[in-house]
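Here's the structure, in structure tokens; my notes come after.
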Amino acid sequence: MSLKPVVELGVAEAYAILAARPEGEGLPPLDAIENEDWGRDFLLSRFEDVPAAELAALGLRWDDGTRDEAGHQSG
């Protein structure tokens with residue numbers, strides 16, 4: 001099974017995943033961010049705090065092009 005990069009998630013899909021997590025209580029309402037230029041970036045940045053094992057369990061991987069194979073920030 002191949003894991004989907006987080007950066008390929010749509011706003012509603014990313015919001016649903018994040019809202020289901022315990023930390024999701026702090027998210028603004030979806031209708032307040034879904035049509036904002038910064039909304040998608042805001043949601044995707046929240047995935048940086050999700051452990052890789054949890055992402056994998058969701059069928060996702062963090063793939064923003066700035067991490068090496070070991071998951072370390074490059075540059």
Scanning the range 32-49 residue by residue, those over 14 Å from Ala16 (Cα atoms) and part of a loop (DSSP other than H, G, I, E, B) turn out to be Asn35, Glu36, Asp37, Trp38
For Gly65, are the conditions met, namely being of a type outside the set (D, E, K, R), at pLDDT below 90, open to solvent by less than 60 Å² (accessible area, probe 1.4 Å) and part of a loop (DSSP other than H, G, I, E, B)? no
Cβ pairs under 6 Å, 6+ apart or interchain, first in the range 32-52 and in contact (Cβ under 8 Å) with a residue 40 or more places away in the chain, second surrounded by 12 or more Cβ atoms within 10 Å (Cβ to Cβ), ordered by first then second residue, are Phe47/Val6
Here the residues within the range 3-26 that are among the hydrophobic types (A, V, I, L, M, F, W, C) and either in contact with a helix residue (DSSP H, G or I) (Cβ under 6 Å, 6 or more places away or on another chain) or open to solvent by 40 Å² or more (accessible area, probe 1.4 Å) (or both) are Leu3, Val6, Val7, Val11, Ala12, Ala14, Ala16, Leu18, Ala19, Ala20
The lone condition Ile33 fails out of (1) open to solvent by 30 Å² or more (accessible area, probe 1.4 Å); (2) farther than 13 Å from Arg61 by Cα is (1)
For Leu44, the lone unmet condition from (1) under 11 Å from the mean Cα position of the chain (by Cα); (2) open to solvent by 60 Å² or more (accessible area, probe 1.4 Å) is (2)
Given the conditions (1) in contact with a Leu (Cβ under 8 Å, 6 or more places away or on another chain); (2) within 19 Å of Leu58 (Cβ to Cβ), every one holds for Pro22 apart from (1)
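The values are calculated or read from the model by the stated rules, or taken from the named source; none is laboratory data. A quick note: this is a predicted structure, and the numbers were derived from the prediction, not measured. Please note: Cβ atoms are built from the backbone with ideal geometry, for glycine as well, and neighbour counts cover all protein chains shown. Calculation scope for accessible area: heavy atoms of the full protein, side chains included, ligands and nucleic acids excluded. Shrake-Rupley method; radii C 1.70, N 1.55, O 1.52, S 1.80 Å.
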